[in-house]
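Below is one structure, written out as structure tokens; comments come after it.
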């Protein structure tokens with residue numbers, strides 16, 4: 001399944017919204033959406049991440065051999081701050097790549113739902129279990145992002161039953177940051193100068209208790225009461241973060257199906273699959289009968305009926321050609337009859353479309369699995385191009401596809417590695433932190449040879465397949 005990268009690009013091309021600083025250097029336009037960008041994300045005591053690990057998207061002060069990467073792959077937000085538009089994360093199986101994706105998804109899920117769902121903390125948090133102390137401690141999340149020309153630092157610590165601490169700071173990038181509010185076990189301290197909107201929610205009237213709950217975040221509560229700063233941040237987390245965990249991501253599939261109901265999005269999704277050189281001419285739908293379904297599919301059918309929606313299945317349309325090679329008619333196929341790669345591109349397409357069209361952050365796990373490397377490269381290049389990414393959306397992808405380890409595609413600050421230590425904790429390291437890596441080095445070769453770690457140790461893998469033969473068993477050195 002291969003695609004011409006320029007062909008796929010056509011499905012995403014729109015109005016060009018960038019300026020030239022000089023003949024070859026792009027400067028990010030100041031849009032409401034394009035100025036909202038992720039700077040870094042930190043997590044501690046979550047699954048395999050015991051100690052604090054930080055995913056950095058700040059651009060390092062480096063130069064690539066291909067100067068085009070320094071122009072297109074980086075967005076300059078201020079004179080002192082630039083961020084990269086994509087980040088790929090490598091590591092062996094079970095190293096913690098997926099746990100990093102889960103950490104980002106969990107942070108956003110708790111932010112979005114803690115007000116409405118009193119069980120969200122218990123259901124979402126999973127502390128590090130590979131020692132005797134971490135499970136007693138809270139999980140830590142913190143995010144730095146740029147919004148409306150300010151740098152915000154927001155985070156919280158939580159257990160399965162309560163928010164232990166929460167904070168919001170900001171800075172214009174020139175002066176030291178100031179706090180908006182700080183929360184701990186003793187209560188919430190609000191800065192009356194920078195966050196007056198939150199003060200009225202922490203002081204109960206007529207001996208009534210404050211409005212916030214111990215198991216709910218304070219910032220989305222302030223947004224619910226129309227606090228202007230909180231509303232802007234709340235909208236950022238609601239509208240500008242998406243996580244796609246793979247072809248088995250049921251939630252992502254439900255979102256994609258809802259998007260497919262809209263005619264404009266259906267046409268755009270069809271265009272993506274058509275331009276990906278899959279042999280698909282169009283997408284359509286077919287009605288289904290409840291008696292033909294079982295399990296989760298039947299439950300989803302019943303849910304759609306209860307909401308007054310018409311259940312359907314997606315079909316792809318392919319051309320039948322006559323002996324002269326001319327189009328004769330179309331033949332439909334159910335989506336689940338297509339290859340895994342085709343299905344994955346379909347489920348992922350509305351996330352790509354929305355993120356590139358409106359800006360934001362798209363986090364993808366198992367990026368590239370079941371898909372041709374040329375198609376994967378084409379998707380990455382969509383985020384790097386100012387034509388297809390006018391609002392400076394960002395892609396964060398966990399992958400095993402070493403063909404992407406190419407300094408013609410990524411700068412060294414766009415690549416990170418996750419390695420699990422002997423104690424069972426995941427360690428995140430940027431490629432740019434390794435000394436002596438030349439800007440013309442063969443990253444794929446060096447990685448597979450173990451220079452950057454984060455590869456499986458398979459030198460004794462064959463021992464799992466050692467069998468006794470004629471009463472003899474192979475010794476450790478390979479002899480019998």
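The values are calculated or read from the model by the stated rules, or taken from the named source; none is laboratory data. Every value quoted in this text rests on a predicted model; they were computed, and no experiment measured them. We place every Cβ from the backbone using ideal geometry, glycine too, and count neighbours over all the protein chains shown.
Numbers for the structure displayed
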read-out: Selection status of residue 367, in contact (Cβ under 8 Å) with a residue 40 or more places away in the chain, under 18 Å from residue 243 (Cα atoms) and not in a helix (DSSP H, G or I); value: yes
read-out: Selection from region 390-408 of residues that are outside any helix (DSSP H, G or I) and free of Cβ contacts under 8 Å to residues at least 60 places away in the same chain; value: 401, 406
read-out: Lone unmet requirement of (1) touching a residue at least 24 places away in the same chain (Cβ under 8 Å); (2) in contact with a helix residue (DSSP H, G or I) (Cβ under 7 Å, 6 or more places away or on another chain) for residue 162; value: (2)
read-out: Unmet requirement for residue 231, which otherwise passes all of (1) under 23 Å from residue 37 (Cα atoms); (2) in a loop (DSSP other than H, G, I, E, B); (3) under 25 Å from the mean Cα position of the chain (by Cα); value: (2)
read-out: Number of the condition not met by residue 127 [criteria: (1) under 30 Å from residue 192 (Cα atoms); (2) touching a strand residue (DSSP E or B) at 6+ places or on another chain (Cβ under 6 Å); (3) in a loop (DSSP other than H, G, I, E, B)]; value: (1)
read-out: Qualifying residue in region 205-216 (condition: more than 27 Å from residue 39 (Cα to Cα), touching a residue at least 40 places away in the same chain (Cβ under 8 Å) and exposed (fewer than 15 other Cβ atoms within 10 Å of the Cβ)); value: yes
read-out: Per-region count, region 119-133, residues surrounded by fewer than 18 Cβ atoms within 10 Å (Cβ to Cβ) and either outside the structural domain of residue 163 (by TED's automatic domain parsing) or modelled with pLDDT of 95 or more (or both); value: 4
read-out: Condition check for residue 254: outside the structural domain of residue 298 (by TED's automatic domain parsing), under 30 Å from residue 345 (Cβ atoms) and touching a residue at least 12 places away in the same chain (Cβ under 8 Å); value: yes
read-out: Subset of region 175-192 that is in contact (Cβ under 8 Å) with a residue 12 or more places away in the chain and in a loop (DSSP other than H, G, I, E, B) - its residue that is farthest from residue 142 (Cα to Cα); value: 191
read-out: Failed criterion for residue 387 (all others in (1) part of a loop (DSSP other than H, G, I, E, B); (2) surrounded by fewer than 23 Cβ atoms within 10 Å (Cβ to Cβ); (3) modelled with pLDDT of 95 or more; (4) within 21 Å of the chain's Cα centre (by Cα) hold); value: (4)
read-out: Residue in region 390-405 that is surrounded by the fewest Cβ atoms within 10 Å (Cβ to Cβ), counting only those that are under 14 Å from the mean Cα position of the chain (by Cα) and under 21 Å from residue 417 (Cα atoms); value: 399
read-out: Test result for residue 325, surrounded by fewer than 12 Cβ atoms within 10 Å (Cβ to Cβ), at positive phi, modelled with pLDDT under 90 and not in a helix (DSSP H, G or I); value: yes
read-out: Region 60-75 - residue that is in contact (Cβ under 8 Å) with a residue 60 or more places away in the chain and under 20 Å from residue 38 (Cβ atoms) and, of those, surrounded by the most Cβ atoms within 10 Å (Cβ to Cβ); value: 75
read-out: Residue under evaluation residue 418, criteria (1) assigned to a loop (DSSP other than H, G, I, E, B); (2) within 30 Å of residue 146 (Cβ to Cβ), criterion not met; value: (1)
read-out: Enumeration of residues in region 333-357 that are touching a residue at least 40 places away in the same chain (Cβ under 8 Å) and surrounded by fewer than 15 Cβ atoms within 10 Å (Cβ to Cβ); value: 334, 339, 340
read-out: From 431, 382, residue being free of Cβ contacts under 8 Å to residues at least 24 places away in the same chain, within 29 Å of residue 355 (Cβ to Cβ) and either in contact with a strand residue (DSSP E or B) (Cβ under 7 Å, 6 or more places away or on another chain) or surrounded by 22 or more Cβ atoms within 10 Å (Cβ to Cβ) (or both); value: 431
